[in-house]
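Asks: Following this message is one structure expressed as structure tokens.
Readers should treat all values here as calculations from the given coordinates under stated rules, not as data from a laboratory. What you are looking at is a predicted structure, and each value in this text was computed from that prediction instead of being measured. A quick note on method: Cβ atoms are made from the backbone with ideal geometry, for glycine too, and the neighbour counts reach across all protein chains shown.
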């Protein structure tokens, strides 16, 4: 994982005043903790070196301009997250894909109503934080987009 990717998670923790954050994506597992003053990054099959969260936070201050272009797309309601309009259709967006303002990013089903979630900005999809078919909460971050 690149330092700039870790900065995104460190900034997310800072923005929401979290003491602990754990991210699992496939065979990748990341744990961030303010109390322990360290970040342990590892794949399930191999250990990685320990990274100092204070160093990451300090580096993130240096790239404020870049980070100001990061947008967190949040769920406007409680429901079920779907990346595609149907199980056989391709996803609305993929990681790294350019999106325009108004492009559909996903659907959230609530009470049998399909609600399209659209991008408010032109940019690039940097992270997709929810798995297809999983429940989401109001205000939960679904996507991270880098504004262009």
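Asks: With labels modelled as points extended 7 Å from the Cα through the Cβ direction, what inter-label distance (nm, one decimal) is found for residue 95 paired with residue 78?
Replies: Once both label points are built, they end up 3.0 nm from each other.
Asks: Ranking request for peptides 114-122, 72-80, 90-98, 20-28: highest mean number of other beta-carbon atoms within 10 Å first, then the rest in descending order.
Replies: Going by the mean number of other Cβ atoms within 10 Å, highest first, we get 72-80, 114-122, 90-98, 20-28.
Asks: Measure out, as a whole number of angstrom, how far apart the alpha-carbon centroids of region 67-96 and region 111-148 sit.
Replies: Region 67-96 and region 111-148 have Cα centres spaced 3 Å from each other.
Asks: Please report 145, 70 as a ranked list, fewest other C-beta atoms within 10 angstrom at the top and most at the bottom.
Replies: So the residues, fewest neighbours to most, are 70, 145.
Asks: Turning to a different aspect of this structure: If each of residue 24 and residue 141 carries a label point 7 Å out from its Cα toward its Cβ, how far apart are those two points in nm?
Replies: 1.9 nm
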